[in-house]
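The values are calculated or read from the model by the stated rules, or taken from the named source; none is laboratory data. Here the structure is a predicted model, which means the values were calculated and not measured. All Cβ positions, glycine included, derive from the backbone under ideal geometry; neighbour counts span all protein chains shown. Ligands, DNA and RNA are excluded from the accessible area calculation, which covers all protein heavy atoms including side chains. Shrake-Rupley method; radii C 1.70, N 1.55, O 1.52, S 1.80 Å.
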Amino acid sequence: MSRLTISDKAPNLAWSNQRLPNKRKWEAVHPAGIKRRPVNLSPDRKRRRLDQNEEQTNRIESEAQEEMDTSVRSPSSAKRYVGTDGESTRVKQTLIKGSGVQQTPSCKRKWEAVNPAGIRRRPVNLSPDRKRRRLDLHGEQATRDITQRNTASTKKAKKTKEPEAPILYEDPPDKLTSKDGRSANMKITSWNVDGLRAWVKKNGLDWVREESPDVLCLQETKCSEKALPADITSMPEYPHKYWAASDEKEGYSGVAMLCKTEPLKVTYGIGKEEHDKEGRVITAEFPNIYLVTTYVPNASKGLVRLDYRKTWDVDFRAYLSELDMQKPVVLCGDLNVAHQEIDLKNPKGNKKNAGFTPEEREGFSQLLEAGFVDSFRELYPDQANAYTFWTYMMNSRSKNVGWRLDYFVLSSSLLPGLCDSKIRNKAMGSDHCPITLHIAV
């Protein structure tokens, strides 16, 4: 067997100058590294060779890591290495094309320069300083990312249109003198209490005592006469009290009238059983006027009672016109209609909803054409955002998203004595607010 030596192009390994067992085994030797190990080796030799290869690899990784650390601290320094191809390689700074500024290659490119035919991954065993620097860099990058996201969110928030502040109605001071110079001698208040017993518990009577009207008209009492709260039945301020409730449904509909002065006559209903069984109308005759309080039927969700409502409008208008031929009429109560678009916040979205259908609005228009006047619009024709009802949902009252459903409607012959028609929108206790009329009769 002849003695062979490794050529200059053989890998620079610790065992490369040893005697070769045979030619066939060393055909596997390649300038770029060993592609396969010899198969006929003793166990001890296999172990030694593996140990030598591992030591060589660790040494190359360690030297390369030191070189990168040195290049970070002093970019001008560079160290000579011998790779698996036996050729020296130097980590060099590179020139950016088009500029005279030198920059250090990236970590990945450094490793390719150190060992282009060998190691293709970054070292995993980093020194404590290197780990700390890498964590610092990651932290700085994370901080920049968070700052950028926060800045973008702030810009987006600035671009988002802020909700407009609600436009609230301010009730002006009461006018107590009519156009013809007469002083008001009658004060009437109307309030849909949405349940008399609950309204009393919410201290509604305290507001009534402060307002002190001559006549108090209530709607939607939802209470039979035998179940009336003692707080209201024993009120000494109003010795004359009149109640109407539904004959068939407990806790439904119902109206009331409380007077300081006894009326000449009091009647209930409009003379038609179809309507009177629900307890919706009380009429009091005074020396100079008829006072009518009513809770007009709602067309209900889905307009299931719209046909009944149309029948009611015709019959009720005929009843008021008959009274008007005898004495002027003051009608008050919850009429369950917003007559014009100015009388509710969102007219476009409610044209098919109860209270703003064309049929209901037309019924109110026909009442006015029959010789009656909407007292509030007579005095405040262009006043917007003046509502008397707000649903409990969606915080509607604080946003003033409401409807004007409560009215004082007068015979046209009473207009000269009209002093003021008020919306007391600050009074709480119901989903409706009270309204007050000052008139000289």
Taking the Cα centre of region 291-351 as the origin and placing charges on Cβ (Lys, Arg +1; Asp, Glu -1), which of THR294, ALA338, MET325 is farthest toward the positive end of the dipole? ALA338
Linear extension gain, ARG182 paired with ALA318, 0.36 nm per residue minus alpha-carbon span: 45.9 nm
Please report, as a whole percent, how much of the solvent-accessible surface of region 274-339 comes from carbon and sulfur atoms (probe radius 1.4 Å). 51 percent
Förster-model FRET efficiency, 30 Å R0, LEU303 and MET325, C-beta, rounded to 0.05: 0.35
Hey, any idea what the orientation-averaged projected area of the convex hull of region 195-331's Cα atoms comes to, in nm²? 8.7 nm²
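Given the peptides 46-58, 256-268, arrange them by the average over their residues of other C-beta atoms within 10 Å, most packed first.
256-268, 46-58
Between SER234 and ASP145, what is the FRET efficiency for a Förster distance of 51 Å, r being their Cβ-Cβ separation, to the nearest 0.05?
After rounding, the FRET efficiency stands at 0.10.
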If each K or R counts +1 and each D or E counts -1, the residues other than LYS399 whose Cβ falls under 11 Å of its Cβ total +1
What distance in nm separates the two pseudo spin-label positions at ASN40 and GLN340, each 7 Å out from Cα along the beta-carbon direction? 11.5 nm
With every protein chain present, what is the per residue accessible area of region 248-326 (1.4 Å probe, Å²)? 47 Å²
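I'd like the trypsin sites (Lys or Arg not before Pro) in region 313-393 restricted to DSSP loop residues with at most 16 other Cβ atoms within 10 Å, sorted by number.
Loop-located and lightly packed - LYS351, LYS352.
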Excluding ligands, DNA and RNA, the carbon-plus-sulfur percentage of the accessible area of region 183-241 with a 1.4 Å probe reads 44 percent
Per-residue ³J(HN,Hα) for region 350-363, Karplus 6.51 cos²θ - 1.76 cosθ + 1.60, θ = phi - 60°, Hz, x for Gly and Pro: 10, 5, 10, 9, 4, x, 9, 6, x, 5, 5, 5, 5, x
So the carbon and sulfur contribution to the accessible area of region 379-441, 1.4 Å probe, in percent, is 64 percent
Karplus (6.51, -1.76, 1.60) ³J(HN,Hα), θ = phi - 60°, over region 318-327, in Hz, Gly and Pro reported as x: 5, 5, 5, 5, 5, 5, 4, 6, 9, 8
Looking at region 132-268, send over the antiparallel percent of its DSSP beta bridges, to the nearest 5. 70 percent
Apply the Karplus parameterisation 6.51 cos²θ - 1.76 cosθ + 1.60, with θ equal to phi minus 60°, to every residue of region 299-313 and state each ³J(HN,Hα) to the nearest whole Hz, in sequence, with x for glycine and proline. 5, 6, 5, x, 6, 5, 10, 5, 5, 5, 4, 5, 5, 4, 4
May I ask you to list the GluC sites (Glu not before Pro) in region 264-310 that are in a DSSP loop and have at most 13 other Cβ atoms within 10 Å of their Cβ? none
Just the accessible area per residue of region 327-369, please: how many Å² with a 1.4 Å probe? 42 Å²
Using only alpha carbon pairs under 8 Å that are at least six residues apart, calculate the relative contact order of region 209-300 and give it in whole percent. 28 percent
Based on the alpha-carbon gyration tensor of region 307-441 and its eigenvalue square roots a ≥ b ≥ c, which shape applies: rounded if a/c is under 1.5, prolate if not and a/b is larger than b/c, or oblate? oblate
For region 363-441, run through the chymotrypsin sites (Phe, Trp or Tyr not before Pro) and keep only the ones in DSSP coil with at most 11 other Cβ atoms within 10 Å of their Cβ. TYR392
